[in-house]
Amino acid sequence: MIFEPNPKYGKILFAAFAVILLGGIAYLAWSARTGKSADKADDTLPAKEDFSGKEPDMGNFSFQYPETLSAKHISTQEWPPAIAIKDGVYSCAKTPLEKSSQMDMTGQRVINGRIYCVNVSNSAAAGSAYSSYNYTTPLNGKLVSLSFTLRYPNCGNYEQIQSRECASEREAFNLDAIVDEMVRTIRWDEPRQDGNLAVQLAECLPRSDGASHEKCLRLLGQIKDFDDCVMAGFSIMKSNPPQCATPDGRTFTQQSR
């Protein structure tokens, strides 16, 4: 008897393989950076490009970004990043482990002393994975978000030597450090707000006169918890859970929600 394969089963197997392939690439796109320390950047902003735009209700803003990434096997898809600046208090609705999906994940990261809520949404097409990122962090008393999409080709599609090169590059690629460096270049011409605690502290802390010292002590007294400390712009410690320290020697721990 001659066995003839059923085309229906072939389609099912192909679909299953595609799902497994996407899941593997998506997992690498997330985990390669969650497990990497960004205290020392492996990938800096090569040729910085200036970008200017206008944010509704915030006025003009500008930031610097790399025109291209130095990674050979990772490319930009939706670029430069879209910037959003708004009022609010930092929070991060992290995806519970029991509900985590390789297609859409939200987690919290501390990068170079700054706290970020990061969402990654993954899709696939033509042998590549596309990861859409949203990084949100407090900056100058506001919440700033960067959104963009990167393309990750399937390293398994290459010949053996190039496949290993692709995988090694993927492992070494430090997206967190690149995003943090872009965030530190963001500037906007928002009208002065005397009630903005972060701006007032940034003005008085570098000064050494008595009046500035007294003003800073009064302002620091307004910080009562981790959220206040974060929005005031103070450095976040890489602890579990994260902690925020003020210049007057107090430390606040993030409370689980």
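The residues on offer are Gln200, Gln243, Gln222, Gln254, and the sole one that is of a type in the set (S, T, N, Q) and surrounded by fewer than 12 Cβ atoms within 10 Å (Cβ to Cβ) is Gln222.
In region 139-152, the qualifying residues are those that are of a type outside the set (A, V, I, L, M, F, W, C) and modelled with pLDDT under 95, and the one that is surrounded by the most Cβ atoms within 10 Å (Cβ to Cβ) is Lys142.
Has region 175-183 got any residue that is surrounded by fewer than 17 Cβ atoms within 10 Å (Cβ to Cβ) and either among the acidic types (Asp, Glu) or closer than 30 Å to Leu150 by Cβ (or both)? No: zero hits.
Going by the structure shown, is Gly141 out of contact with any strand residue (DSSP E or B) (no Cβ under 8 Å at 6 or more places or on another chain), under 25 Å from Thr106 (Cβ atoms) and not polar (S, T, N, Q)?
Values: out of contact with any strand residue (DSSP E or B) (no Cβ under 8 Å at 6 or more places or on another chain): yes; under 25 Å from Thr106 (Cβ atoms): yes; not polar (S, T, N, Q): yes.
For Gly141, the condition - out of contact with any strand residue (DSSP E or B) (no Cβ under 8 Å at 6 or more places or on another chain), under 25 Å from Thr106 (Cβ atoms) and not polar (S, T, N, Q) - is met.
Sub-8 Å Cβ pairs linking a first residue in region 232-252 that is touching a residue at least 60 places away in the same chain (Cβ under 8 Å) to a second residue that is basic (Lys, Arg), at least 6 apart or interchain, are Ser235/Arg114; Ile236/Arg114, ordered by first then second residue.
When you go through Ser168, Ser145, Ser163, Ser131 one by one, which is the residue that is more than 17 Å from Gly233 (Cβ to Cβ) and either within 17 Å of the chain's Cα centre (by Cα) or outside any helix (DSSP H, G or I) (or both)?
Values: Ser168 fails: either within 17 Å of the chain's Cα centre (by Cα) or outside any helix (DSSP H, G or I) (or both); Ser145 fails: more than 17 Å from Gly233 (Cβ to Cβ); Ser163 fails: either within 17 Å of the chain's Cα centre (by Cα) or outside any helix (DSSP H, G or I) (or both).
Result: Ser131 is the single residue among Ser168, Ser145, Ser163, Ser131 that is more than 17 Å from Gly233 (Cβ to Cβ) and either within 17 Å of the chain's Cα centre (by Cα) or outside any helix (DSSP H, G or I) (or both).
The values are calculated or read from the model by the stated rules, or taken from the named source; none is laboratory data. Not measured: the values here are computed from a predicted model. FYI the Cβ positions are ideal-geometry reconstructions off the backbone, even for glycines, and counts take in every protein chain you see.
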